[in-house]
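What follows is a single structure, written as C-alpha cells, with notes after it.
Every number here is computed from the coordinates shown, using simple stated rules; none is lab data. A quick note: this is a predicted structure, and the numbers were derived from the prediction, not measured. Heads up, the Cβs are rebuilt from the backbone with ideal geometry, glycines too, and the neighbour counts pull from every protein chain shown.
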Amino acid sequence: QVPVVAVMTTGGGTRALTSLLGNLLGLQKLDLLDAISYITGSSGSTWTLSHLYQSPDWSRKDLSGLIGEVRRHMTKSKLSCFSLESLKCLFSCNLASPYTVTRKSFGSALSLFLVNSQKNNHKLSDERQALNQGQNPLPIYMILNIKDDYSLSEFKEWVEFTPYEVGFLKYGAFIRAEDFGSKFFMGRLMKKLPESRICFMKGDVLPWETLDCIKMYLICTVPAYCNKGDKPSLPARNHELETYLVTPECGIMGIVREVLTERVMVSKFYNFLKGFQMHNEYLQSKSFRIWKDTVLENFPNQLTETAEFLCLADTAGYIDISYPPLMRPERKVDVVLHLNYSSGSQTSPLEEASKYFLKQGIPFPKIHLSEEEKKNLKECYIFEDAETPEAPTVVFFPLVNDTFRKYKEPGVERSPAELAEGNVDVSSLFSPYCINSFTYTEEQFDKLVKLTSYNIQNNKHLILQALNSAIEQKRQHKK
C-alpha cells in the first residue's frame, strides 16, 4: 500500500550540485526524505550524490553540516587548480596510477580538483556502506554508451551504475560494480583490474558545457607552459593496465590537445558484453524491444556484444534526464519528484522524456504546457495519467524563483530589509549560476540552497497530493 517514491535529477554542473543539496534539505525538513527509495542522477547532480554517499547515514543527519562542507569548496577560488604546479600535480597523479592516461582521466582528475579541491580514494562499491541497512535511498548514476562513428540519434544505450552493479537496461546485462573496467569474454571474467576511484567515474559525467570553460582557460595557460620547455618530473610506472583505449602520441601535450579539440568527453572501458552472444534472439525477444530505439539495432551483428570497448558519454548529449532506471517495471515506481537544473528551457527535458517513453511504449504521463505557462513557470506541477495506472505520477520542480521573492519561509513574508535576499537570478543570461561557473560567493551559494529548499517546502501540499493519489490508485488497481 505504500507508494514507491523516487527523486529524478538532471545535470547542470555546479548549479545542479548546489540545487540538489537545497532540494534534499527541503525534503528532510518536511520529514519526507526517508520516504524516498531511489535517487537518480546524471552529470552535475552525480557530484552531489557521490559526496553524500561517503557518509553512511547522510539522510539521517542534519544536512546543514554536509552542505557546509560543500560550501567551503564551492566558495574557494579555482584559479589555483589551473596553475602550472597544479597541472603538473594532476598529470603526475594520473601517470602514477595503474591506468593509461587519456583525456578522460585528465578531465576526471580536473573535475575532482574543481569540485572537491582534494584527493579522494572513494570507490563506487564503497557506497554500499550507506545502503547495507536500508538507511538511504539507492543512488543510480546514468550515462550513455555510444559509437564513435554514429550520431546519438542513430545509436545510444542507457547504462546504469549503482554501488552494487553496472549494466545495460536494454540487454538486462549487469556485472558487479567492482568488476566494471575489467576484461570479460562470453560472460566470464578474464582479467580483473582494480576498481576505478569515484573521481575517475566523475570524469564520465563531466558536463560538456563545463568542459568548454576548462578549454578556454587551458587555451590561455598551456601555450605559456609549453614555450618554457619545462616538463614535470613524472614517477616511473612499474606496470600498466589496459583499462582505457587511447594513449596520446605526444604524452602530456597530446592529452591537453585532445581536451581542447574534442567536443564530447568520451571514456573507453573494456566491454563486459564482449562475446556474450544474444543476437540470435534479439529481434524476436520482447524484453529487448522496450529499449530498442536506434537504427543499428536492426542489424544484430552490430550490437554492443561485438565491440571491444564501451564508449561512455554524458546523457546531456541526448536528453538531460536520468529517468530510464526508474522505468524498469521491476522497480514499480509510483511517484517521481523531477528536480530540474539543466540549462535552456526548464520544461524541455521533461517534454522530451515524455515523447521518448511514448515512442518506446513505456507508460509515462503526457506533458503539455502552453507557451504562456512556460514563460511564467510556477514552482511545482503534477502530471499523471489516470487512464494508465502503470504510469508514474510526476511532480515537476523547475528551477525558478517565484514566491521566494516575497516569502523567506512558507507563509512568512519578508520585511522590506529582507527583500534583497529574495532576489535570486537563476534564469537570465547574466545569472551567477550559469553552467560554466565553478565558484560561487558565500552569498550566492546560500541563496541558491535556500531557494531550492524553499521551493520544496512551499509545495508540500502538492507532494502529499501526489502521494495520496498514488495510494488511492494502488488500492483501485488491487481491487
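Quick look at the numbers
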| read-out | value |
| --- | --- |
| Per principal axis, descending, Cα span of region 360-425 in whole Å | 53, 24, 16 |
| Under 5 Å, built H, 5+ apart or other chain: amide partners of G275 | M186 |
| Net charge over other residues, Cβ less than 15 angstrom from the Cβ of V333 (K, R count +1; D, E count -1) | -2 |
| Protection proxy ranking of 182-193, 380-391, 20-31 - average other beta-carbon atoms within 10 Å, highest first | 20-31, 380-391, 182-193 |
| Amide H contacts under 5 Å for G12, placed H, 5+ residues apart | G44, S45 |
| Efficiency of FRET between Y150 and D425 - r from beta-carbon atoms, R0 45 angstrom, step 0.05 | 0.70 |
| Principal semi-axes in Å for region 351-478 [√(5λ), Cα gyration tensor, largest first] | 33, 19, 12 |
| Placed amide H near C311: partners under 5 Å, 5+ positions off or other chain | I146 |
| Positive-end residue of Q135, V159, L124, charge dipole of region 124-169 with Cβ unit charges | Q135 |
| Among the listed pairs K332/K355; K156/K332; K332/K447; K61/K292; K29/K374; K29/K332, those beyond 31 Å (Cα-Cα) | K332/K447; K61/K292 |
